[in-house]
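Heads up, the thing below is written out as structure tokens.
The values are calculated or read from the model by the stated rules, or taken from the named source; none is laboratory data. It should be emphasised that the depicted structure is a prediction, and the values quoted were computed from it without experimental measurement. Here the Cβ positions follow ideal geometry from the backbone for every residue, glycine too, while neighbour counts run over all protein chains shown. Side chains are part of the model used for accessible areas, which takes the heavy atoms of the whole protein and leaves out ligands, DNA and RNA. Shrake-Rupley method; radii C 1.70, N 1.55, O 1.52, S 1.80 Å.
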2 protein chains.
Amino acid sequence: MYLACIINCPAIRAFGKHCRPLSNIMTGLTELSRNKSFGGWQTVFSHESKVLGCTMKFGVYLPPTENDTENLPVIYWLSGLTCSEANFIEKAGAQRYAAEHKVIIVNPDTSPRGLNIPGDSDSWDFGVAAGFYLNATQDPWKNNYKMYDYIIKELLDLVNSNFNTQAGNQSIMGHSMGGHGALVLSLKNPGLFKSVSAFAPICNPSICPWGIKAFSGYLGPKETGQWEEWDATELVKKYKGPPLELFIDQGLNDNFYPAQLNPKNLVEASKGAGVPVIFKERESYNHSYFYIASFIGEHIGYHAQHLK
Amino acid sequence: MYLACIINCPAIRAFGKHCRPLSNIMTGLTELSRNKSFGGWQTVFSHESKVLGCTMKFGVYLPPTENDTENLPVIYWLSGLTCSEANFIEKAGAQRYAAEHKVIIVNPDTSPRGLNIPGDSDSWDFGVAAGFYLNATQDPWKNNYKMYDYIIKELLDLVNSNFNTQAGNQSIMGHSMGGHGALVLSLKNPGLFKSVSAFAPICNPSICPWGIKAFSGYLGPKETGQWEEWDATELVKKYKGPPLELFIDQGLNDNFYPAQLNPKNLVEASKGAGVPVIFKERESYNHSYFYIASFIGEHIGYHAQHLK
């Protein structure tokens, strides 16, 4: 890792794999913040996204390492509705566990930002901070609302080319809308992620109010046949690829459970398709980051086992 | 503890030691939120403070217990400038350690609220969210800005009469302005707290810009002789009471270190007075909650030992 290098280069604000100085930015990354955390560094970067056509921010937690050259696995975290990259960084308490297991954690934003597309800020569950990790096909969203392509085709490469990662050795997890994203990204890309887990995920968006609103707007009417391409409960039925286990976590005092989340539909569909599921129900827990913080250590430990 | 009771009484919004229902509030507490966290409950209450003359909020983390009647020790947390009760609850990650050590954590707000005293919101380091844990003697502050009396004379009783505490078995810690508060409260009340610790505390407010501004406004000119009554570096010189060790924690990449914080003045004064000090310097850490979160477990473990 380049951490020791950075420590000795306080003037460096953006850098690549080998601690490039500001005058030699090869990567298009700008470092926005850097906080020492559990022996490692919680950082936030911005970059110009070609896929989304706007400036995007994402967090990277870099755990402490023995030397500058050690390559580490990466866990991607996808956040839920209304979140930016900040919520997870500040509230989940993931850094402690990432440091213990020596994994990098990368967490992107939840939608394009700053585009001012008419209607993109009219509601909290559509548009800004509600990208739903899909590729929109409808106007006025189809040119920019492509969070799926952003993560799969841009962010993974960006991370692998800028940090000392074990390229290809990565897992994914998320919360609510981001749990839907983690499930869909892993089911649509067999073998890309070594493991997947989700806190209170939207498991069957085609039949819940949040999903119907988002899919109608981004993809058009259900009759176009596009919805099932972005619905984990549908995708799991035709999953073919390396063995993949779905780790679904659900608080039982969650205001959005079951109507918006419907984990049992996914559990049933997975059983039918022969895809193994871990389904953990958490008595008294709600939809908040207090719930996530309580079990993020268990999830990071789960992924770390798959990334060993 | 009343936790099992609460779980079975979802309609109860405010309650006393024995799970009193809403129609029988004996305590003047109103429960504002309740989130399950690490097996216990992170709660927030409001009450009408007689000392401060306004509505105040405070957080209470209640760890999981074996039964409804177990009394537990309490650690008080005092926050820094600009904070409400929310920052510590959301960002410090203390719940995990409080659950492990079976201690209650109580964290009050940082000043009176909602009074609209002329000038109370003109700057971020004086007035609202900047009460400095003292009793003001100057107009227009002296009637309400009495955070010292609030904690010592009102909050401790309120907590002991509403929760299953081991009354008198309590410790105190804080951050920055709240670190100053923790030190001053423990030094001015020998034996009241079993232990004290502070993250990046303002150790010698009489000589730093934050302290000079606050003391001048709340207490009047230095010549009145009041400042040294609220300055840990002065108070330690005349400390008489049960043995008290000061645990001072300081990040070495803290923007406010040393000019606003001056921990070495306190360390020197303590040595001169025969008061033992643990002074931990943390390479590369700054003034943020990322720093606090990294070491809050160590502090809670320290207090738990003294509270055993």
The range A:222-308, relative contact order in percent, only Cα pairs under 8 angstrom and at least six apart counted:
33
Chain A: angle of helix A:289-307 to the longest principal axis, Cα-based, in degrees nearest 10
70
Please sort B:189-199, A:169-179, A:209-219, B:221-231 by packing, taking for each peptide the average over its residues of neighbouring beta carbons within 10 angstrom, highest first.
A:169-179, B:189-199, A:209-219, B:221-231
Within the range B:48-78: backbone nitrogen closer than 18 Å to the B:Asn116 label point (7 Å, Cα to C-beta)
B:53-56
Tell me the Kirkwood radius of chain A: reciprocal of the mean inverse pair distance over distinct alpha-carbon atoms, in Å.
19.4
Which chain A residue puts its Cβ closest to the axis that rotates A onto B, and at what distance in whole Å?
A:Gly93, 2
Kindly identify the protein assembly as shown as rounded, prolate or oblate by the Cα gyration tensor criterion: order the square roots of the eigenvalues as a ≥ b ≥ c, call it rounded if a/c is under 1.5, otherwise compare a/b with b/c, prolate if a/b is larger, else oblate.
prolate
What angle do you read, to the nearest 10 degrees and between 0 and 90, between the alpha-carbon axis of helix A:209-219 and the longest principal axis of chain A?
70
Write down the accessible area per residue of the range A:68-198 in Å², having rolled a 1.4 Å probe over the full set of protein chains.
29
homo-copy label distances at B:Ala167 (7 angstrom along Cα-Cβ), nm, one dp, ascending, are 6.7
Nearest 10 degrees is fine. How inclined is helix A:177-188 to the longest principal axis of chain A, computing both from alpha carbons?
90
State which entries of A:Lys36/B:Lys271; B:Lys146/B:Lys238; A:Lys36/A:Lys146 exceed 25 angstrom in Cα-Cα distance in the structure shown.
A:Lys36/B:Lys271; A:Lys36/A:Lys146
Exposure ranking of A:Glu154, B:Glu268 by accessible area [1.4 Å probe, largest first]:
B:Glu268, A:Glu154
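At a Förster distance of 60 Å, what's the computed FRET efficiency of B:Ala86 paired with A:Lys142, Cβ-Cβ distance as r, to 0.05?
Details: r = 39 Å, r/R0 = 0.65.
Given R0 = 60 Å and the Cβ-Cβ separation, E is 0.95.
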Relative to the other copies, what are the label-point distances for A:Leu252, with labels 7 Å from Cα along the C-beta vector, expressed in nm at one decimal and sorted shortest first?
5.0
Interface residues, the range B:53-100 - accessible area loss of 50 Å² or more versus chain alone, probe 1.4 Å
B:Glu90, B:Lys91, B:Arg96
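Determine the per residue accessible area of the range B:203-308 with all protein chains present and a 1.4 angstrom probe, expressed in square angstrom. Before the final figure, lay out the partial values.
Details: 4520 Å² over 106 residues.
Accessible area per residue, the range B:203-308: 43 Å².
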Averaged over B:36-49, how many beta carbons belonging to a partner chain fall within 10 Å of each residue's beta carbon?
3
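According to the square roots a ≥ b ≥ c of the eigenvalues of the Cα gyration tensor, what is the shape class of the range A:183-255, taking rounded for a/c under 1.5, prolate for a/b larger than b/c otherwise, and oblate for the remainder?
Values: a/c = 2.61, a/b = 1.19, b/c = 2.18.
Note, shape of the range A:183-255 comes out oblate.
Evaluate peptide A:283-289: per residue, the Cβ atoms of other protein chains within 10 Å of its Cβ; return the mean as an integer.
Mean inter-chain Cβ contacts per residue within 10 Å come to 4.
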Peptide ranges B:46-59, A:294-307 listed from the most packed, as the mean C-beta count within 10 angstrom indicates
A:294-307, B:46-59
Summarise the accessible area of the range A:133-173 (1.4 Å probe, protein heavy atoms) by the percent that is carbon and sulfur.
41
I'd like the carbon and sulfur percentage of the solvent accessible area for the range B:67-129, probe radius 1.4 Å, heavy atoms only, ligands and nucleic acids excluded.
47
Fraction of accessible area attributable to carbon and sulfur, the range B:176-287 (%, probe 1.4 Å)
53
Pop a pseudo-label 7 angstrom from the Cα along the beta-carbon direction at both B:Lys240 and B:Lys188 and give the gap in nm to one decimal.
1.9
For the pair B:Asn67/A:Ala259, report the inter-label distance in nm, with labels modelled 7 Å from Cα in the Cβ direction.
4.2
Could I have the simple spin-label model distance between B:Leu252 and A:Phe279, label points 7 Å from Cα toward Cβ, reported in nm to one decimal?
5.3
With a 1.4 Å probe, how much accessible area is buried between chains B and A, both sides summed, in Å² to the nearest hundred?
1900
